[in-house]
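What follows is a short report on a single structure.
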Amino acid sequence: MSLLVTGSIGIDTLETPLGRAGDVLGGSAVYFSLAASLFSPVRVVAAVGEDFDLKLFDPLRAKDIDLSGVEVRKGSKTFRWHGRYAGTMNEAETVGVSLNVLAEEVPVVPPAFCDSRYLFLANTHPARQREFAEQVPNAELIVCDTMNLWIENEPEELRKTLKCVHGLVLNEGEARMLTGKTSLVAAGRDV
């Protein structure tokens, strides 16, 4: 089985009721890759800026995640996200975001990765997710992730992307936001 993960790798600042962590490894592609590595070999395609400390990849290297598709772009800055979790910590409040490298061209999927049968489009701009998916035309299963930022600011782009995927990962707050339904059952049906 070949699993290709694309999307955001970032430098995060997180606030919770238990404390604050600044300049830590983040991004949906990172967390999904770490979890998926327990079940399958994982390949990653993403971009980071020249400000990214490559030692931050050590946890991924320790799980034999193939990072040969990660570009370090000179003159660019890495995606940064500042989020706050409160209460049940089920939903993040975006305090600040700097798209940086995520606002640039989508990285090219290396030819050796184009045979991937399974594709996870980790959280990034929905139009970028579609561009990634188009580079892997033989994928049998495509699943994407999204978040409140894209649901609120890019709803039409997100709807276009949802037409191109087989599955979607989102939490209950995002499901309600995406569908406008308060009932999770109704929101699930709409999704």
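Can you give the extra length, in nm with one decimal, that the chain gains between residue 191 and residue 38 once fully stretched, where that is 0.36 nm per residue apart less the Cα-Cα distance? Spell out each step's value before the answer.
Details: separation 153, 0.36 × 153 = 55.08 nm, distance 2.79 nm.
My answer for the length gained is 52.3 nm.
Please give every one of the lysines within straight-line cross-link reach of residue 63, meaning a C-alpha to C-alpha distance under 16 Å, and leave out same-chain neighbours fewer than 8 residues apart.
The reachable lysines, counting only those whose Cα sits under 16 Å from residue 63, are 55.
If you average the sequence gap of Cα pairs under 8 Å that are 6 or more apart and divide by the length of segment 74-182, what percent do you get for the contact order? Write down the numbers at each step before the final one.
Numbers: 144 pairs, mean separation 22.2, N = 109.
Normalised by residue count, the contact order of segment 74-182 is 20 percent.
Could you quote the convex hull projected area for segment 1-55, Cα atoms only and averaged over all directions, in nm²? Before the final figure, lay out the partial values.
Numbers: hull surface 18.4 nm².
If you wrap the Cα atoms of segment 1-55 in a convex hull and average its projections, you get 4.6 nm².
Considering Cα pairs under 8 angstrom that are at least six residues apart, work out the relative contact order of segment 1-111 and quote it in whole percent. Mind showing how you got there, number by number?
On the way: 235 pairs, mean separation 31.8, N = 111.
Rounded, it is 29 percent for segment 1-111.
Before rounding to the nearest 500, sum -39500 (n - 2.57) across all DSSP H runs of length at least 4 in the chain and divide by the residue total; then give [θ] at 222 nm in deg cm²/dmol. The partial results should precede the final answer.
Values: 7 runs with 51 residues, N = 191.
Using -39500 (n - 2.57) per qualifying helix, the result is -7000 deg cm²/dmol.
List the GluC sites (Glu not before Pro) in segment 1-88 that DSSP assigns to loop (not H, G, I, E or B) and whose Cβ has at most 15 other Cβ atoms within 10 Å. Which are they? Numbers along the way, then the final one.
On the way: sites: 15, 50, 71; in loops: 50.
Filter output for segment 1-88: 50.
Please report the antiparallel percentage of DSSP beta bridges with both residues in the chain, rounded to the nearest 5. Walk me through the intermediate numbers first.
On the way: 12 of 39 bridges.
The answer is about 30 percent antiparallel.
Tell me the carbon and sulfur percent of the accessible area for the chain, rounded to whole percent, probe radius 1.4 Å.
Result for the chain: 53 percent of the exposed heavy-atom area is carbon or sulfur.
Which lysines does residue 163 reach when only Cα atoms under 30 Å apart count, and residues fewer than 8 places away in its own chain are ignored?
Correct list for residue 163: 181.
For segment 1-132, report the % of Cα-Cα distances exceeding 22 Å. Show your work: numbers first, answer last.
Working: 3088 of 8646 pairs.
The proportion of pairs with Cα distances above 22 Å equals 36 percent.
How large is the Rg to Rh ratio of segment 107-159 when both quantities use alpha carbon positions and Rh follows Kirkwood?
Numbers: Rg = 11.7 Å, Rh = 11.6 Å.
Here Rg/Rh amounts to 1.01.
Give the relative contact order (percent, whole number) for the chain; include only Cα pairs under 8 Å separated by 6+ residues. Can you show the working numbers first?
Working: 397 pairs, mean separation 38.2, N = 191.
It rounds to 20 percent for the chain.
Please return the longest range in the chain lying between exposed loop sites, taking trypsin sites (Lys or Arg not before Pro), DSSP loop only, at most 11 other beta-carbon atoms within 10 Å, and leaving the sites out.
Details: sites that count: 74, 163.
Of all site-free stretches, the longest is 75-162.
Considering only C-alpha atoms, what is the centroid distance from segment 4-60 to segment 64-83, in Å?
Centre-to-centre (Cα) distance: 9 Å.
Around residue 69, which amide H atoms from residues at least 5 apart in sequence, or from another chain, sit under 5 Å from its own amide H, with H modelled in the peptide plane?
Distant-sequence amide H within range of residue 69: 44.
Evaluated at 4 °C with a viscosity of 1.567 mPa s, what Stokes-Einstein diffusion coefficient in µm²/s does segment 84-178 have when Rh comes from the Kirkwood expression over alpha-carbon pairs? Could you put the intermediate results ahead of the total?
On the way: Rh = 14.4 Å.
Here the translational diffusion coefficient equals 90 µm²/s.
The values are calculated or read from the model by the stated rules, or taken from the named source; none is laboratory data. Just so it is clear, the structure is predicted and the values come from calculations on it, not from any experiment. Neighbour counts run over all protein chains shown; Cβ positions are idealised from the backbone, glycine included. SASA here: full protein model, heavy atoms, side chains in, ligands and nucleic acids out. Shrake-Rupley method; radii C 1.70, N 1.55, O 1.52, S 1.80 Å.
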